[in-house]
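First up is the structure itself, then whatever we jot down about it.
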Amino acid sequence: MADQTLLLWLPQTRSSQFYAYRQAVERHFRHLPLSDDLLQRSAAAQQIFDGKIKAQGGIFNPGTGQIRKDAIERAYEQTVEDLQTQFSASITLVIISFQHHNTPIQKGVARWHNVQQKIVDNSVSSMRYVNAVSIETTYIQRDKVVLNEVFGLDVTVAPLSDSTKYLKVLRRVFAPVMQS
């Protein structure tokens, strides 16, 4: 039985606040040594996962607007079962999502989640805060061991054009699944 690794996006990455970041990260995939097979398997798995989420009534509680973590967990479990049957393999999932943070800027540099980014700041002697976006990856291994990492991605709007702005961060994030 061969091991298979699959990349899955959480549904909230399609929201308007994160959509441009998701598109930018996906454009960067072609600059990373990720196998075409991994990306194709992941696209097929994403469709299955999205269908499981939809079958659960979506991820948001209609009364509170909060994310239903139980629905996501059930969708993971059902997706893994389906994929193990489909691929006849042991599955490791890499779940990708984004987070917003209020990040301090000191002396023109924002530092958060293992990264730093220079900011044009006229008030370099004072401290202020800026909205920052981090990329979170959750690795769910075949033995159900869960590893979670969060790395700072950007304090500015995601690039709309082709860019290599996020390559350094994404190389670190996807290091476990990249080809040598």
- Item | Partner aspartates and glutamates for residue 52 [C-alpha distance under 17 Å; skip if fewer than 8 residues away on the same chain] | 70, 73, 77, 81, 82
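Pairwise over distinct Cα atoms, reciprocal of the mean inverse distance: report the Kirkwood radius of the chain in Å, one decimal place. Intermediate results must be reported in sequence, preceding the final value.
On the way: mean 1/r = 0.0567 Å⁻¹.
After inverting the pairwise mean of 1/r, the radius is 17.6 Å.
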- Task: Specify the residue with the greatest mean-square fluctuation among 40, 86, 12, computed from a Gaussian network of the chain linking alpha-carbon atoms under 10 Å apart.
- Result: 86
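Probe of 1.4 angstrom, ligands and nucleic acids ignored: what's the accessible area per residue over the chain, in square angstrom?
Details: 10030 Å² over 180 residues.
Each residue of the chain exposes 56 Å² on average to a 1.4 Å probe.
What share of the DSSP beta bridges in the chain is antiparallel, in percent to the nearest 5? Present the calculation step by step, with values, prior to reporting the outcome.
On the way: 29 of 36 bridges.
Counting only bridges with both partners in the chain, antiparallel ones make up about 80 percent.
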- Note on the structure: Expressed in Å to one decimal, the Kirkwood Rh of the stretch 89-180 from all distinct alpha-carbon pairs is 14.8
- Query: Within straight cross-link reach of residue 54, meaning Cα distance under 16 Å, which lysines are found once same-chain residues fewer than 8 apart are removed?
  - Reply: 69
- Task: Calculate what fraction, in whole %, of the accessible area of the chain sits on carbon and sulfur atoms when a 1.4 Å probe is rolled over the protein chains.
- Result: 50
- Query: How far is helix 69-87 tilted off the main Cα axis of the chain, in degrees rounded to 10, range 0 to 90?
  - Reply: 50
- Task: Rounded to the nearest Å, what's the spacing between the alpha carbon centres of the stretch 74-116 and the stretch 23-37? Just the number, please.
- Result: 15
- Query: Where a Cα-Cα gap under 18 Å defines reach, which lysines qualify for residue 168, not counting those fewer than 8 residues away within the same chain?
  - Reply: 118
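The values are calculated or read from the model by the stated rules, or taken from the named source; none is laboratory data. Everything numeric here is computed off the predicted structure, so don't read it as measured data. All accessible areas refer to the heavy atoms of the entire protein, side chains included, with ligands and DNA or RNA removed. Shrake-Rupley method; radii C 1.70, N 1.55, O 1.52, S 1.80 Å.
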